[in-house]
Amino acid sequence: MVQRLITPSRRHLLAAAAAAVSFAVALPAFAQETLKVGLVAAMSGQSAKSGEAIVRGLSLAIDEINAKGGVLGKKVELVVRDDESNPAKGAIAARELVQREKVAAFFGGLDTPVSIAIVPFANQSKVPFIGVWAAGTAITQNGAPENYVFRVSAVDDLVDVALVDHAMKIYGVKKPGMILINNPWGESNEKGLKVALEAKKLPFAGIEKFQDADVDVVPQLTRLKSQGADALFLVANVAPASQVVKSLDRMGWNVPVVSHWGPAGGRFTELAGPSAQKVHFIQTFSFSGNASPKAVAVLEALKKKYPQIKTLADVTPAVGIANAYDAMHLLAMAIAKADSTEGPAIRTGFYGIDKYDGLIKSYTKPFTPQNQDALSASDYIFTYFQGDEILPLMN
């Protein structure tokens with residue numbers, strides 16, 4: 001009697017098998033209801049404000065894409081992972097997005113060391129990785145036979161030329177010094193600045209390095225001052241860059257500071273104090289004073305989606321929003337061109353993009369196998385802080 005109760009009949013077995021087959025067939029269709037894209041960025045710590053800006057830019061573009069029917073008939077879904085500005089955590093997050101979340105492509109965030117740690121995996125897994133902040137030259141120029149890394153952001157080698165040109169034009173520098181964060185981003189810019197200075201036949205006073213956690217940079221700055229530096233090239237993110245400014249104040253050394261865009265990434269004015277406004281730094285975009293129809297429309301959409309945005313100071317840093325917004329639209333175009341969510345096809349799709357009227361600029365053939373950076377030196381502007389708002393320099 002018991003045996004008959006626990007032994008299924010042939011009819012029951014066939015029914016169960018049919019249900020299992022039906023369920024197995026249904027799973028892939030269910031899993032593909034949305035097209036997932038990922039983001040690995042610093043969503044906590046001193047750079048969290050920049051991570052938030054990237055998410056806002058991506059989300060706004062995704063809203064626009066989904067309102068028009070999505071990509072390949074699927075709604076786009078964003079999956080975000082916090083790398084905490086840690087290369088090891090960034091690499092793990094990238095693997096999780098690709099292997100567990102099955103993203104079609106993923107975006108990279110703020111830190112060059114994190115992005116460089118992710119690049120080998122992106123190329124090995126053949127899943128496009130799109131940089132929207134980190135500027136290390138080697139991120140896109142990585143030497144891979146098949147390069148799956150694209151970028152809508154600044155590039156150190158080009159930034160360094162712009163920093164030198166700006167320092168010469170605005171301050172008439174003759175012997176600048178370098179104060180650089182001691183990591184791969186600092187190393188990238190040390191190489192780029194040396195080349196840019198050599199091209200101008202301009203000597204440099206010295207090169208000093210410092211750590212993320214340093215709270216006193218007076219010894220390094222004192223050496224640069226004694227070597228006759230008449231301006232400083234600064235490369236560091238928010239917290240360490242603020243320590244350079246505060247150390248200059250303690251020394252009473254009022255020297256021009258021309259910076260990479262690290263200060264834009266968070267609470268620089270709060271951390272650096274009143275002298276923060278003296279620093280000139282590079283950007284790819286600003287909403288301030290920008291009357292283009294696209295900029296006006298995007299700003300209005302941001303205010304509607306994020307009611308906490310009341311003033312232009314609330315959209316700082318605008319580059320995170322703008323780079324991510326344009327990058328998401330370019331990715332959608334690449335997938336549409338590919339008519340596929342397979343990485344190799346999307347990679348080819350990027351090369352097939354002809355034109356895109358973006359927020360930062362109108363793009364024409366933004367990517368080629370020889371150049372996977374969509375922005376050039378002519379797309380950079382110099383800015384400064386006024387209160388919490390980043391304003392373009394008028395020069």
Quiz item: So how many residues does segment 223-257 have that are under 17 Å from residue 181 (Cβ atoms) and not charged (D, E, K, R)?
Solution: 18
Quiz item: residue 76: farther than 22 Å from residue 379 by Cα, touching a residue at least 60 places away in the same chain (Cβ under 8 Å), part of a loop (DSSP other than H, G, I, E, B) and in contact with a Leu (Cβ under 8 Å, 6 or more places away or on another chain), yes or no?
Solution: no
Quiz item: When you go through (1) among the hydrophobic types (A, V, I, L, M, F, W, C); (2) more than 17 Å from the chain's Cα centre (by Cα); (3) crowded, with 21+ Cβ neighbours inside 10 Å one by one for residue 72, which number turns out not to apply?
Solution: (3)
Quiz item: Is segment 310-319 home to any residue that is crowded, with 22+ Cβ neighbours inside 10 Å, under 19 Å from residue 108 (Cβ atoms), hydrophobic (A, V, I, L, M, F, W, C) and modelled with pLDDT of 95 or more?
Solution: no
Quiz item: Among the listed residues 192, 186, 143, which satisfies the condition of being of a type outside the set (D, E, K, R) and within 30 Å of residue 334 (Cα to Cα)?
Solution: 143
Practice problem: Scan segment 121-138 residue by residue and report those that are surrounded by fewer than 23 Cβ atoms within 10 Å (Cβ to Cβ) and either under 11 Å from the mean Cα position of the chain (by Cα) or touching a residue at least 24 places away in the same chain (Cβ under 8 Å) (or both). | Solution: 121, 123, 125, 126, 137, 138
Quiz item: of a type outside the set (Val, Ile, Thr), in the same structural domain as residue 58 (by TED's automatic domain parsing) and more than 15 Å from residue 57 (Cβ to Cβ) - does that describe any residue in segment 318-333?
Solution: yes
Exercise. Kindly provide the set of residues from segment 79-90 that are more than 12 Å from residue 109 (Cα to Cα) and either part of a helix (DSSP H, G or I) or acidic (Asp, Glu) (or both), ordered by number.
Key: 88, 89
Self-check item: Boolean, residue 97 is part of a helix (DSSP H, G or I), in contact with a Leu (Cβ under 6 Å, 6 or more places away or on another chain) and either among the hydrophobic types (A, V, I, L, M, F, W, C) or under 22 Å from residue 319 (Cβ atoms) (or both)
Solution: no
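The values are calculated or read from the model by the stated rules, or taken from the named source; none is laboratory data. Computed from a predicted structure; not experimentally measured. We place every Cβ from the backbone using ideal geometry, glycine too, and count neighbours over all the protein chains shown.
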